[in-house]
Amino acid sequence: MTLKTLITNIINVIMDGSFERVRIISQMNTAFMEYFTSGEFGRLCKVSITQGVSDFRHEMSAMWLRSGFKISIENDFRLTSGEMKELASYVTGNAQFVRQLMAMGFDTLVIKGKTTGMKQLYPLAKFANLSNYFIGKPS
């Protein structure tokens, strides 16, 4: 673990009050690195916390500066919007995982190219399959 990663993790714990978010981000970063180095996935991705979209807020949303779940595509040369949508579908297609992210305070999925500036935003509540329950903007 690098010093920068350690400091980032400490800041995340202080801001969020738990290790849950740090743990899931660390696990996903490890998995993305393994998939990339093994050749299973052609894009190297890194997960981090970012600013969410205020219009995507729900009752469990964290402070808007900390409510975005960002997947950054590090090697984004010739990145297409179709590739970004496919990556997003791996997250949004798993309602249980989406609900877990929502319970941790995330409301926005951000898929972003590191250097291209391409970005796609998704409201997590839309993919949680909670139609029988009210999940909306807090009053």
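The values are calculated or read from the model by the stated rules, or taken from the named source; none is laboratory data. Not measured: the values here are computed from a predicted model. Counting neighbours? That spans all protein chains shown, and the Cβs are built from the backbone with ideal geometry, glycine included. Ligands, DNA and RNA are excluded from the accessible area calculation, which covers all protein heavy atoms including side chains. Shrake-Rupley method; radii C 1.70, N 1.55, O 1.52, S 1.80 Å.
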Exercise. Give me the log10 of I(q) over I(0) for the stretch 26-80 at q = 0.16, 0.17, 0.21, 0.24 Å⁻¹, as the Debye formula computes it from C-alpha points; what are the numbers?
Worked result: -0.59, -0.64, -0.80, -0.88
For this session: Please give the FRET efficiency for residue 44 paired with residue 119, using the beta carbon to beta carbon distance and R0 = 25 Å, rounded to the nearest 0.05.
Result: 0.90
Exercise. Protein chains only, probe 1.4 Å: how do 66, 21, 99 rank by accessible area, largest first?
Worked result: 99, 66, 21
Exercise. In whole percent, how big is the carbon plus sulfur part of the accessible area of the stretch 54-129, probe 1.4 Å, protein atoms only?
Worked result: 52 percent
Exercise. Put 124, 44 in order of accessible area, largest first, 1.4 Å probe: what do you get?
Worked result: 44, 124
Exercise. What full-extension length gain, to one decimal in nm, is calculated for residue 126 and residue 97 as 0.36 nm per residue of separation minus the Cα-Cα distance?
Worked result: 9.1 nm
Seminar exercise, completed: Rounded to whole Å², per residue accessible area for the stretch 31-139 with a 1.4 Å probe reads 56 Å²
